[in-house]
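The values are calculated or read from the model by the stated rules, or taken from the named source; none is laboratory data. Note that the structure is predicted; figures quoted are calculated from it, not measured. Every residue, glycine as well, gets a Cβ built from its backbone with ideal geometry; the counts of neighbours run over all protein chains shown. For the accessible areas, the whole protein counts, side chains as well, though only heavy atoms, and no ligand, DNA or RNA atoms are used. Shrake-Rupley method; radii C 1.70, N 1.55, O 1.52, S 1.80 Å.
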Amino acid sequence: MISLLMLLSAVPTTAARHELPSLTIPRRSVPVPSFPSPRLMAAFGNPKYFTDKYIPAGKPGVVLKVPNFDVLFDHISNVSPLARQAMTEDNPGGIKAIDNAADVYKWKVTDSNSKRLVSHIDKIDNFQDKGVPLLRFRSALQGPSKKRGQCFSELVSVSDLRQKWDATNAMVDTIYSAASLDDVKKHDGNKYGEPSLFGIGYVKTKQSVVSPREQLMLCGVQNFPSGAAIIWGVELEEDQNYLFPEDQKRTPRSTSHIFSSTLIPTGEDTFDVEYVIQLEVGGLPGWLTGLAVTETIKKMFRFADGYFQSGLDGGDLAKRLALMPDDEEVADPEEIPSDSTVSGVLDHKQTLLMPP
């Protein structure tokens, strides 16, 4: 089973668009959880990102709600210049080619220094009246080009990797994946690269400065002919709550209103990353959420820096890549070496429930 919290895409082809036959959505009674305080509750998935269409999951009897790809990727391109490059340019130029004057929204720069690993951070406070900031991070990394999008997604979707930088992660799992990526491509209009991963991820945290939180996200990875990749995720709506793992006790829920991470190749073994996230935790004011998420993402990039460089010198990522066929489905992420020596454990006081 491919782990993801994950990931999707669609590549330009001449295949006609097809509709899937009608599928019956399974009905399961899900107990309504009771929480310590209604103020801990965050808003859940936004209906504008979803359609009323479904595709089969790999597990018989389960179907996955299809996103509105045009709305989703239009929103992502409006907040991520690198995502816009990936979608529209044959040879994207990366961070150096960004034209700040072309930003759709007005951003506030909070940190900018080309000599730092995370070279640029900006934000939009209370974006779309969600009460929490939309945050954007940029970094330049070194590492192999093979399966780069999948490998970057595994930093948050594979327990052995995530728990090396996220000390409060209790569980991360891809609970359902699309039965066939061809089904995904029937709905995306062949506009957004080639899907390599598509499914539903479940994340649960341990107790930290807030009580345990959980998320249920539809995620995917898009790969483009230029070598660019977009990792994306959106919180599922409440009508999808029947997909929550039945063996997990319900907890207050965090919400990723929008998430994308775009990788643009800048050389044979170098690439730029733009990471965009608007996370609502519940129980924390927006300004504090923004500060905590910022510190968390910085620490994730520090781990990513060492991990991807290890792919060039025979380290942990090199071992992982050796398990991956060049042109086939990736090997099981559970085979990632568990004795990795790459450091970067995240301070638990700063860790919040994160998407891919």
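Here are a few things to note about the model shown:
- Ranked by the mean number of other Cβ atoms within 10 Å per residue, highest first, peptides 52-58, 155-161 order as 155-161, 52-58.
- Positive end of the dipole of segment 132-230 (Cβ unit charges, origin at the Cα centre): among PHE152, GLN207, LEU135, the Cα lying farthest that way belongs to LEU135.
- Zone of ASP70's modelled label, taken as backbone nitrogen in segment 174-200 under 15 Å from a point 7 Å along Cα→Cβ: 187-192
- Only the Cβ atoms of Lys and Arg (+1) and of Asp and Glu (-1) were treated as charged; on that basis the dipole of segment 107-154 about its Cα centre amounts to roughly 280 debye.
- Of all lysines in the structure, those lying under 20 Å Cα to Cα from LYS191, and not within fewer than 8 positions of it along the same chain, are LYS48, LYS53, LYS65.
- Test item: Cα-centred dipole of segment 185-284, Lys/Arg +1 and Asp/Glu -1 on Cβ, debye: 300
- Segment 52-107 - accessible surface per residue (Å², probe 1.4 Å): 49
- For segment 45-123, carbon and sulfur atoms together expose 47% of the accessible surface, with a 1.4 angstrom probe and every protein chain in place.
- Classification of segment 237-292 by its C-alpha gyration tensor yields an oblate form. The axis ratio a/c (a ≥ b ≥ c) is 1.5 or more, and b/c is at least a/b.
- Pairs exceeding 27 Å between alpha-carbon atoms, taken from LYS147/LYS186; LYS164/LYS185; LYS108/LYS185; LYS204/LYS298: LYS164/LYS185; LYS108/LYS185.
- Once the 1.4 Å probe is applied to the protein heavy atoms, segment 150-219 comes out at 25 Å² accessible per residue.
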